[in-house]
Amino acid sequence: MDILGMIAENLQAVKEKRPLVHHITNYVTVNDCANIALAIGGSPVMADDREEVEEMVSFASALVLNIGTLNARTVESMIAAGKKAKELGIPVILDPVGVGATKLRTEAARRIIEEVGPAVIRGNMSEMKFLAGMNVAIKGVDSVADEQDGQAIAENLAKQLNCVIAITGKRDIVTDGQKTCFIDNGHEILSKVTGTGCMTTSLIGVYCGAGKDWYIGTIAGILSMGIAGELAQAGLAPTDGIGMFKVRLFDSIYNLSTEKILSKGRVIGG
Amino acid sequence: MDILGMIAENLQAVKEKRPLVHHITNYVTVNDCANIALAIGGSPVMADDREEVEEMVSFASALVLNIGTLNARTVESMIAAGKKAKELGIPVILDPVGVGATKLRTEAARRIIEEVGPAVIRGNMSEMKFLAGMNVAIKGVDSVADEQDGQAIAENLAKQLNCVIAITGKRDIVTDGQKTCFIDNGHEILSKVTGTGCMTTSLIGVYCGAGKDWYIGTIAGILSMGIAGELAQAGLAPTDGIGMFKVRLFDSIYNLSTEKILSKGRVIGG
Amino acid sequence: MDILGMIAENLQAVKEKRPLVHHITNYVTVNDCANIALAIGGSPVMADDREEVEEMVSFASALVLNIGTLNARTVESMIAAGKKAKELGIPVILDPVGVGATKLRTEAARRIIEEVGPAVIRGNMSEMKFLAGMNVAIKGVDSVADEQDGQAIAENLAKQLNCVIAITGKRDIVTDGQKTCFIDNGHEILSKVTGTGCMTTSLIGVYCGAGKDWYIGTIAGILSMGIAGELAQAGLAPTDGIGMFKVRLFDSIYNLSTEKILSKGRVIGG
């Protein structure tokens, strides 16, 4: 089966299984993350207190850790939930929002990577470049931080961390260190709505919670957001803006079908 | 006056009084709760720090406690605000989100019930079944946890806790232990949007804040969300999804009238 | 250049500079604040932990402090970020949500004013009247709290605190203590959506982050929200409500142009 066929199958599994996805995430985009997870067919649950996260993640099929508005309290919750998920074989998806911008975020990302070991890390180019450089310092290997090539950065990081790495941007890159693919779906207006990155990470969580292949689940989440962004944009009137675009983005994820994935998906390599 | 007439009167009181409803609630759906309270005619205020909740609730006509993303800090704020509200005769509406899923939530719900004594508790069937079972353990009465019958669970719980109990689902049940009614409004798509339960609890808060009968206020909140869900769904185009549905849900609550309640309300018993 | 011309120039600067605006704000309206900042052309970042706010604000062009759902932890973060911003010459915009309602909010506002010294304070009449009265007690000057006249309150406060004061309402007042103007844009329905005040403060942050004149930036933020509110309302169908109004509000800010500011802006004085 080709890669779009596997993604379509993963979407089918989402609709049947309705995977519970535990999020420990920022309070800026949390409502959108919950709604996008519901729209695609998942079942989101948010809980961030140290006292309850291990219990909550035990019911889940995937765990999303997003460091967008973290604090000392939630960092510990993320580590505890992540370790429990790992122990139970539940995939952990890390969104290292703003890593490198502050010591707190950098240290949180470093700890989650070292102490938990995520199945997937999704970020933008600057975040992933920072992780690549940080990882150098941690692991003592030769620097990859100077590389301008996203593919090389992603593949090296995937090998070193033994996980799926996704760098989202105009052309998205997904790799597990062995296989690499590029996704050409999406639209620039997605960057004008806050949380489209966070929502993409939530979609990855839903797909990984319903499937067995984190590489496919990661591509599926990114591809779904890309196609939905294209469809949402295509339906706008000239006087519409990001208000209506956001409405249509949720509509498009809600109405996403295996047919649309097969006909509109633009994945190269894989 | 029949029950729909009393609900219509309660809506009229909301529009005239614009009751201030203090919320201590989760950060996932808080914006939607604020907007739905405003849309129906209430005045929401959110404040969760232990240092200010007693002052804030003193200005309010109702207090909504929602344990969706609670933590050690906010549990104490809920108890303190709840006790102050009780002392001042202000109705407390409890939404025990996820009770039974984790010890933290169960313990928080137990403490709010025992130490505060809510006027209304609204949850889904599994939450209310859990409360019924928990209450057994607390109160030492015969088990009702095995009962499959929502009505019996609700009525027993209402009598034991001396409050209004609402179980929302396909057919909603509301009882004060003496009178019981069923509400048949609503649409399945409401379950595809995060926070429609939380928003229903906020609407109950607004109605109870403007009226004097918590039983009627509870029915009114649930009925309003049900009618609004039907109207929102009826106005959708085939390509619409939960994005546009949510927009129309707020529109429908904003435009809800006593006429619509009287013509569209489907309340049985009461 | 007249005042509308200066505002149009400030909007042009926003589009070119895309200023980063650091927010420490409430969790009720934070998503809307992020989206409105993006929609006008800014770049929002939210971070509230004491450990990271000084680093984060160092990258920013403006800092928005909103005390809407503050707590003991975030108050300290606001003070620390505010002091750092001041040190670096970054304008601090204070939204004293609910000041006077509780001691916690009053004390937080007092500390931010005394220890940080905001460039701009925006609130509604009752908040600003409270600040005026509080300031009296702090500074020991004759009472202005009895004055019914918003202009006098605003001008006195601006002189005493050496900052721009904005009182928003039906007719908005902006003053730096020397110059004063009134803005007649806006629509009553803006008060039916939660967070339009917070969003206005965020827009002020974006404008001040791109321009050099806080007085003009403050007028620009308020005027933009007012014009967008008018345009959003004008586009509504009779069956629409606050759901669609909010969508159109974001669309209107996204599509705001210098032409619309020049043709629709109603600023008196200046």
ask   = Which of the following residues is open to solvent by 30 Å² or more (accessible area, probe 1.4 Å), touching a helix residue (DSSP H, G or I) at 6+ places or on another chain (Cβ under 8 Å), farther than 20 Å from A:Val97 by Cβ and part of a helix (DSSP H, G or I): C:Met6, C:Met1?
value = C:Met6
note = Screening C:Glu147, C:Glu155, C:Glu115 for residues that are modelled with pLDDT of 95 or more and surrounded by fewer than 19 Cβ atoms within 10 Å (Cβ to Cβ) leaves only C:Glu115
request  = Report, by residue number, each residue of the stretch C:192-220 that is over 18 Å from C:Lys129 (Cβ atoms) and within 14 Å of another protein chain (Cβ to nearest Cβ).
outcome  = C:Lys192, C:Val193, C:Thr194, C:Gly195, C:Thr196, C:Cys198, C:Met199, C:Ser202, C:Val206
inquiry  = Taking the condition of being over 14 Å from C:Ala237 (Cβ atoms) and either assigned to a helix (DSSP H, G or I) or at the interface with chain C (Cβ under 7 Å from one of its Cβ atoms) (or both), how many residues in the stretch B:237-257 meet it?
reply    = 7
In the stretch B:81-112, the residues that are within 14 Å of chain A (Cβ to nearest Cβ), surrounded by fewer than 23 Cβ atoms within 10 Å (Cβ to Cβ) and not hydrophobic (A, V, I, L, M, F, W, C) = B:Gly100, B:Thr102, B:Lys103, B:Thr106, B:Glu107, B:Arg111
Output for the stretch C:24-49, where each listed residue is open to solvent by 10 Å² or more (accessible area, probe 1.4 Å) and more than 8 Å from every other protein chain (Cβ to nearest Cβ) = C:Thr25, C:Ser43
key: Yes/no for C:Lys246 being crowded, with 18+ Cβ neighbours inside 10 Å and basic (Lys, Arg)   = yes
inquiry  = Looking at B:Val14 and the list (1) surrounded by fewer than 19 Cβ atoms within 10 Å (Cβ to Cβ); (2) within 25 Å of B:Gly265 (Cβ to Cβ), which single condition is not satisfied?
reply    = (1)
note = In the stretch C:50-76, anything closer than 24 Å to C:Gly217 by Cβ, open to solvent by less than 10 Å² (accessible area, probe 1.4 Å) and not hydrophobic (A, V, I, L, M, F, W, C) is listed as C:Asn66, C:Gly68
ask   = When A:Ile227 is evaluated against the numbered criteria (1) touching a helix residue (DSSP H, G or I) at 6+ places or on another chain (Cβ under 8 Å); (2) farther than 22 Å from A:Ile24 by Cα; (3) in contact (Cβ under 8 Å) with a residue 12 or more places away in the chain; (4) open to solvent by 10 Å² or more (accessible area, probe 1.4 Å), which criterion, by number, is the only one it fails?
value = (4)
task = Test A:Val45 against the stated conditions and say whether it is of a type in the set (A, V, I, L, M, F, W, C) and in contact (Cβ under 8 Å) with a residue 40 or more places away in the chain.
result = no
query = When you scan the stretch B:164-194, how many residues do you find that are small (Gly, Ala, Ser), farther than 16 Å from B:Ile227 by Cα and in contact (Cβ under 8 Å) with a residue 40 or more places away in the chain?
reply = 1
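The values are calculated or read from the model by the stated rules, or taken from the named source; none is laboratory data. Worth saying up front: this structure is predicted, and the values here are computed from it rather than measured. Positions of Cβ are generated from backbone atoms using ideal geometry, with glycine treated the same way; all protein chains shown enter the neighbour counts. Note: areas computed on protein heavy atoms with side chains; ligands, DNA, RNA excluded. Shrake-Rupley method; radii C 1.70, N 1.55, O 1.52, S 1.80 Å.
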